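Presented below is the structure to which this report refers.
The values are calculated or read from the model by the stated rules, or taken from the named source; none is laboratory data. As the structure is a prediction and not an experimental result, all values here were calculated from the model. Neighbour counts run over all protein chains shown; Cβ positions are idealised from the backbone, glycine included. Side chains are part of the model used for accessible areas, which takes the heavy atoms of the whole protein and leaves out ligands, DNA and RNA. Shrake-Rupley method; radii C 1.70, N 1.55, O 1.52, S 1.80 Å.
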Amino acid sequence: YAATHCQTLLGTVPYMSNGAYVSEDLSSCVAVNGIYGPGSFAYAMCHVNEHYDNPCGGEKVPKFKRVQDQGPDPAVVCPAGYRMVLCNGMSPWRGMLKGFNSVGIIPEGPCKVSEPCDKWCQVTAVCQADMMNEMNEYKKYKKTTCSTCENYKCGEGFECQMVDSEDDTKEPSCVRVSKGCDNNSRCGENECVPIGADDFTCRCGEGTVFDEVVKACLPQHSNWKKVYGGKAMGEDATSSAECG
């Protein structure tokens, strides 16, 4: 589960309570009591943190992510494909946290302090993935995060290639790697052309033609034909290719 709502119940931020934040692994809400505070009580709402197929390939992406900034003037934004569902603030110095309500949250607007802190403040946000529910967000995430093969991940046996997209631009896609021409000398001086995962053909020169059985370029004659014998099984079995 992920904590998607986090606050201090007593509502005494920033003078009696230092604020609240969601832990790095999203598993808990932490409310921090102030130096003169009556005690802290954390309240959280939790949601199953599902994982989705990554638009950029590779490992799956979580439904919820956490972002944090700390310093005299901290501010955070959600990554592409995500929208903010929670913004918390916390500072260990009494009265320094500005712009947050009495339970340590900014309900709407940018997730940042309204005034710089003399020492430091911390802001954290929980972000929810919208890309799996909205096709436009899915495309936006892909275009922003992995518009080229440099950041696009493919599984074993595949490689990234730029292909035509629906809007007449190029986008990365995983294409099966063909090994039919790896360490292949069957085509000789002719060009080897991979087919599928392991097959190949030869782009034969003038006067030759590619033979699917021999898997090589053979002379093309008008006065000869190719014949093949059937498969022979068992002791002393023979296969005969009849020319007559």
Practice task
Just need the relative contact order of the chain here, percent rounded to a whole number, with Cα pairs under 8 Å and 6+ apart.
Solution key: 14 percent
Exercise for the section: Give me the accessible area per residue for the stretch 1-137, probe 1.4 Å, as a whole number in Å². Expected result: 50 Å²
Exercise for the section: Keeping the other protein chains in place, figure out the carbon and sulfur percent of the accessible area of the stretch 104-192, with a 1.4 Å probe. Expected result: 42 percent
Handout entry: Heavy-atom accessible area order for Lys215, Lys139, Lys231, largest first, 1.4 Å probe
Key = Lys231, Lys139, Lys215
Fill in the blank from the handout: With +1 on the Cβ of every Lys and Arg and -1 on the Cβ of every Asp and Glu, the dipole magnitude of the stretch 74-176 about its Cα centre, in debye rounded to the nearest 20, is 560 debye
Handout entry: Distance violations [Cα-Cα > 19 Å] among Lys65/Lys142; Lys98/Lys119; Lys63/Lys139; Lys139/Lys170; Lys65/Lys119; Lys65/Lys140
Key = Lys65/Lys119
Handout entry: the chain: proportion of alpha-carbon pairs further apart than 33 angstrom, %
Key = 51 percent
Completion exercise
Taking only protein heavy atoms and a 1.4 Å probe, the highest-to-lowest accessible-area order of Met162, Met90 is Met162, Met90
Exercise for the section: Enumerate the whole-percent occupancy of each 5 Å bin, from 0 to the last occupied one, for all C-alpha pair distances of the stretch 53-128. Expected result: 3, 17, 25, 20, 13, 9, 6, 4, 2, 0
Exercise for the section: Express in Å², to the nearest 10, the accessible area of Val77 obtained by rolling a 1.4 Å probe over the protein heavy atoms while all chains stay in place. Expected result: 120 Å²
Fill in the blank from the handout: The helix 135-145 Cα axis meets the longest alpha-carbon principal axis of the chain at an angle in degrees, between 0 and 90 and rounded to 10, of 90 degrees
Handout entry: 1.4 Å probe accessible area per residue over the stretch 143-193, in Å²
Key = 75 Å²
Completion exercise
By accessible area (1.4 Å), largest first, Leu218, Leu9, Leu97 order as Leu9, Leu218, Leu97
Handout entry: Asp167 accessible area, assembled protein chains, probe 1.4 Å, Å²
Key = 100 Å²
